[in-house]
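All of the numbers you see were taken from the coordinates with simple rules; none came from a lab. Keep in mind that what you see is a predicted model, and the values were worked out from it rather than measured. Every residue, glycine as well, gets a Cβ built from its backbone with ideal geometry; the counts of neighbours run over all protein chains shown.
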């Protein structure tokens, strides 16, 4: 497991993983315009990290991805989602205060990126939460299974 | 006796499936569409989002998404607790 896979897989992974991450961020960013959203885009980004983990093994992992940083980012995403939900508590829980307001994300044209009110921000929060959550699950399970195999 | 019961149960389920398949509504015409029509008609003016699914998930039914996020958080915490216990036992 430490050595990773063959040089073909490693080379293809070097070509592809940045594109996968970019596509995942595109899905998150355009969540309120095109099919997809925070959950789907976060899963796509996490799949890129899973590809890197499978291709290169856990040897190249040390120092690149910090498990505690990932878990902190997941909690930041969850708290941001909850805070955005509480932003409209004056009217109702999950009330969209920014939609149709004309402010930052409040454009009244539904086909532009800066529309949707709180929807893009919630997509980013949930996307951050899902990608860091799945990547930390992967890292924890790989580390756990490797130590079981070694010992 | 047991075989007869099995055959009877099989025939009952098969008859139910045949009846359900023959009396099914035609594709694309569900029986209750008030909520769907409301979402499709008012999503672009109320939430200003072209993706109706995201508007439903994050705005109209945001509480459900909060539950999903909680489920994912619980999954991460569960995996962490599980593997941490194994590692401490082995040391």
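Quick notes on this one:
- Simple label model, 7 Å out from Cα along Cβ direction - residue B:53 to residue A:68, nm: 3.9
- In chain B, Rg over Rh equals 1.28, where Rg is the alpha-carbon radius of gyration and Rh the Kirkwood radius from pairwise Cα distances.
- Averaged over peptide A:68-74, the number of partner chain Cβ atoms lying within 10 Å of each residue's Cβ comes to 1.
- For peptides B:6-16, A:46-56, sequence by mean Cβ density within 10 Å, most packed first: A:46-56, B:6-16
- Look at A:29, B:35, A:5, B:1 and count the other Cβ atoms within 10 Å of each Cβ; fewest to most, that gives B:1, B:35, A:5, A:29.
- Within 10 Å of each Cβ in A:112-124, the average number of Cβ atoms from other chains: 4
- Mean projected area in nm² (Cα convex hull; one quarter of hull surface) for the protein assembly as shown: 21.4
- Degrees between helix A:7-29 axis and first principal axis of chain A (Cα, 0 to 90, nearest 10): 10
- Fewest-first ordering of A:27, A:126 by other beta carbons within 10 Å of each residue's beta carbon gives A:27, A:126.
- Average beta-carbon neighbours from other chains, 10 Å sphere, peptide A:92-100: 4
- For residue A:89 and residue A:103, the difference between the fully extended length at 0.36 nm per residue and the C-alpha to C-alpha distance is 3.2 nm.
- Tilt relative to chain A, helix A:67-86 - C-alpha long axis, 0 to 90 degrees, to 10: 10
- Listed by Cβ neighbour count within 10 Å, with the fewest neighbours leading, B:65, A:132, B:23, A:34 appear as B:23, A:34, B:65, A:132.
- Added length on full extension, which subtracts the Cα-Cα distance from 0.36 nm per residue, residue A:11 to residue A:54: 14.2 nm
- Choice from A:122, A:22, A:131 showing the highest fluctuation, given a GNM over chain A with Cα pairs closer than 10 Å: A:22
- For chain A, the longest principal axis of the alpha carbon atoms and the long axis of helix A:119-150 meet at an angle near 20°.
- Within a Gaussian network of chain A (alpha carbon springs, distance under 10 Å), most fluctuating of A:116, A:41, A:90: A:90
- For the range A:7-150, the C-alpha radius of gyration divided by 2.2 N^0.38 Å, with N the number of residues, is 1.23.
- Per residue, the convex hull around the alpha carbon atoms of the range A:1-91 comes to 101 Å³.
- Spacing of the modelled spin labels on residue B:24 and residue B:7, each 7 Å from Cα toward Cβ, amounts to 2.9 nm.
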